[in-house]
Every structure is written in structure tokens, then in C-alpha cells.
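Have a look at the structure below, then the notes.
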Amino acid sequence: MTTVLTSGTINDKVSAHCLLLQESPVHHVKSLDALLTMAKKKSKRMAIQSIDTLKEMFLSAILPDTRKLSTFEQHDFSVLIGEKVNVTVLGWLVEDKLKSCYSEYMDIIKAHLNDNEVAIRTKLCNLVFQLLTEKPEKEQELLAILVNKIGDPDNKLASKIIYVLTKLLQNHPSMKKVVASEVERVLFRPNISERAQYAPSVFLINYNYHLKTVHLPHI
């Protein structure tokens, strides 16, 4: 394994890091850091491959199903008594690190969502939607990332976002208010073009939200 990680091909290294993370993310945080570093590379192929791999790792091996990760400061220090204090504190520190890594992952995704290739932006929007619907971690930020692309200059991608947001509300109707708030934030942000206003306006009108008076451009 060590030989693969030091001198193997990119695909071999990615596979090796995945195996280590699947074995125990707690004991192989360095593999998570390595994949995040790959996701920042200038090579689009390597970056997107790493982003996709990280998604699988976060969904299958790292993020809890029913709760959000906690920072170190969010834990209850009053429970630190007895013989297992060191083990407990170590667990909290690792959880804090994993949460920090996921935040870094979000920043990487946001950076690549500005790529000039529509195919890459579309792939990443699908990835964000999957993360949003499968795990509670960073759900507000993921929603904001997704909604922000409703103003994408590519009409097909903007329509795709309308579709996935509609699907989201069908599965989670309690999110209607928060989704509307995020879409309105995009619609009324400063210096937005009429073209970029079109998709969010259509989405809100379809869901019978109360809108401010907005001129809908004809595209």
C-alpha cells in the first residue's frame, strides 16, 4: 500500500486512499487530506475525479446519516470524567477535523462551479443535489450553492436546477419556505441581469410565492 501511495499512478493512489478511508476514516485522515489536495489541482480531469471520489467517501464512510458533525467546541465537556477521557477527546478532535475537511470540500466545489465548461458545472450541480438529499451536514450551504446556479447563463443548466429544486420540494415540502428565501436572494441580488432573473422568477411563480414586482424578460 505504501508503494502505491508514493509511486503509483493517479488512479492507483486514489483507489488506495479510498480503501484506507473505507477501512477507517478516523485512522486515515491523511488520505482525506490527500484527496482534497488532488481536487485542487489545475488538471480538470484529476480535480473532477477527486471531487467525485470524495463525494462517495463522504456519503459512504464519513458523514453521519441522522446528525451533523460537531466542532470540538460544541461538545459537552462536563462528560469528561473517568478513564476514557483521552479517547473521548481524541474522537472529538477527529470529528472536528472531518467537519473542517467537509467545509474545505464545499469551497472546492464552489470554485469549480465557476468553470467555463457547462458539462462540469452540470455534473457538480448533480453532485451537490445528491449530498443535499442524502446527508444533513451543511444542508443550508448546499442549498445555497444549488440555488445560486439557478441564475446560470446556460439555459439548460438553469432549467435543470428548477427541476431538481422542484423534486426537492416534492420530497421535502417542509423546505418550501427556506428554498423560496434562497431563490429570492438570488433573484434580487445587486447587478443581476434580466436574463439571470428569468429562471428564479419562473420557479417562484410556479410555486405561487408572493413576489415583488419584477419584470420578467422574454428569452
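The values are calculated or read from the model by the stated rules, or taken from the named source; none is laboratory data. None of the values given here were measured: they were computed from a predicted structure. All Cβ positions, glycine included, derive from the backbone under ideal geometry; neighbour counts span all protein chains shown. Keep in mind that these areas ignore ligands, DNA and RNA; they rest on the heavy atoms of the full protein, side chains included. Shrake-Rupley method; radii C 1.70, N 1.55, O 1.52, S 1.80 Å.
Normalised by the empirical 2.2 N^0.38 Å for globular proteins, what value does the Cα Rg of region 94-155 take?
After normalising by residue count via 2.2 N^0.38 Å, the value is 1.15.
Under 20 Å Cα-Cα from K156, which aspartates and glutamates qualify once same-chain neighbours fewer than 8 residues away are excluded?
D115, E117, E194
In Å², what does the accessible area per residue of the chain work out to with a 1.4 Å probe?
I get 55 Å² per residue for the chain.
Which entries in K110/K135; K42/K99; K13/K149; K55/K97 show an alpha-carbon gap greater than 28 Å?
Cα-Cα > 28 Å for K13/K149; rest within.
Over the chain, what is the relative contact order in percent, taking alpha-carbon pairs closer than 8 angstrom and at least six residues apart?
Value for the chain: 13 percent.
Kindly write out, for region 182-192 in residue order, the coupling ³J(HN,Hα) from the Karplus curve 6.51 cos²θ - 1.76 cosθ + 1.60 (θ = phi - 60°), rounded to whole Hz, with x marking Gly and Pro.
Each residue's phi maps through the Karplus curve to give 5, 5, 5, 4, 5, 4, 10, 6, x, 6, 6 Hz.
Can you give me the angle between helix 10-23 and the longest principal axis of the chain, using Cα atoms only, in degrees from 0 to 90, rounded to the nearest 10?
For 10-23 against the chain, the angle is about 70 degrees.
List, largest first, the extents of the alpha carbons of the chain along their principal axes, each in whole Å.
Extents along the principal axes, in whole Å: 64, 47, 29.
Could you give log10 I(q)/I(0) at q = 0.27 Å⁻¹ for region 38-121, computed by the Debye formula over C-alpha point scatterers of equal weight, without solvent?
The Debye formula, applied to the Cα set alone, gives -1.30.
In debye, nearest 20: dipole of the chain around its Cα centre with unit charges on the Cβ of K, R (+) and D, E (-)?
680
Given Cα pairs under 8 Å that are at least 6 residues apart, what percent is the relative contact order of region 1-109?
Value for region 1-109: 24 percent.
So for the pair S70, T9, with labels modelled 7 Å out along Cα→Cβ, what separation do we get in nm?
Here the answer is 4.5 nm between the modelled labels.
Give me the percent of accessible area attributable to carbon and sulfur for region 47-198, probe 1.4 angstrom.
Its accessible area is 51 percent carbon and sulfur atoms.
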